[in-house]
Amino acid sequence: MTVEIWSDLICPWCSIGLSRFDKALAAFPENDSVEVVHRAFRLAPGAKTELVVDVIPRKYGLPPSQASSMFDRVEEAARGEGLDFHLARNLHGDTKDGHRLVQYAATVGKQREVVERFYHAYFTENISLFDHAKLLDLAVEAGLDREAARTVLESDSFGDVVEADQRTVQGYGVSGVPFYVIGGRYGISGAQETKVFAQALRQAWDEGAELADATSAEVCGPEGCERP
């Protein structure tokens, strides 16, 4: 059974949701027969690179103090999953190049390693994912060949894959991530609790289901991140 996960590399709820999903998958008796595939979703295509602390107040129309409280809430949720986020120190921008490396990594069996390295680098270490030199170093740390990764970055390789992923999920009517498709038929929107993922894995394995959103949870979309 395949689980497809649409996410963006700068989406905090995507990282939190992946942690919750991983716990459900680890406890799933048939997990050896589950393949996880990471799909691309760009929250800010074409956006210039700038500080998150400048972007969030503008997106929400909030004073900086209220934006800070939003960061605090997300960081608290991350700590609940054993993650250490420092959101106010991050940059925001178009993640196409990072996604292209993630899709290349899938062809050499290193996709998950690259996704995890990028998440940790961005949310915990506050390393820019918008700088080719930094992306290249991170990709190598995750197990990619430096020259092969450099070739990807210096071209538009896998750009068509990234764009196709986005068109596919938007065709489902999805405008925010994370979004999970389990077994090609069961859709889950948002950073659900682990028990929701566990139930979805069991249902998809045992019965199958029509593609439909589960009860919505925290998502990030082009206008920002929110609770339902």
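Values quoted throughout were computed directly from the atomic coordinates according to the rules given, and no laboratory measurement underlies them. Every value quoted in this text rests on a predicted model; they were computed, and no experiment measured them. Note: ideal-geometry Cβ built from the backbone for every residue, glycine included; neighbour counts use all protein chains shown.
Observations on the structure shown:
- FRET efficiency for the residue 206 to residue 172 pair, using the beta carbon distance and R₀ = 30 Å, is estimated at 0.85.
- Mean projected area (nm²) of the alpha-carbon convex hull when segment 64-112 is viewed from all directions: 4.7
- Relative contact order (%) - segment 4-59, alpha-carbon pairs under 8 angstrom, separation at least six: 53
- P(r) for segment 37-166, from all Cα pairs and a bin width of 5 Å, is 2, 11, 19, 21, 20, 14, 8, 5, 1, 0 %, short bins first.
- Extension gain for the segment residue 157 to residue 69, taken as residue separation times 0.36 nm less the Cα-Cα distance, is 27.8 nm to one decimal.
- Pairs of Cα atoms farther than 13 Å apart, segment 1-58, %: 70
- Cβ-based exposure ranking for 95, 124, in which fewest neighbours within 10 Å come first: 124, 95
- Principal axis analysis of the Cα atoms in segment 119-161 yields extents of 28, 20, 16 Å, listed in decreasing size.
- Taking 186, 60, 122 and counting other C-beta atoms within 10 Å, the order from fewest to most: 60, 186, 122
- Note on the chain: Cα convex hull, mean projected area over all directions, 11.6 nm².
- For segment 2-226, share of DSSP beta bridges that run antiparallel, in % to the nearest 5: 70
- Working ranking of peptides 11-17, 42-48 by packing, defined as the average number of other Cβ atoms within 10 Å per residue, highest first, is 11-17, 42-48.
- Cβ-to-Cβ counts within 10 Å put 168, 49 in ascending order as 49, 168, the fewest first.
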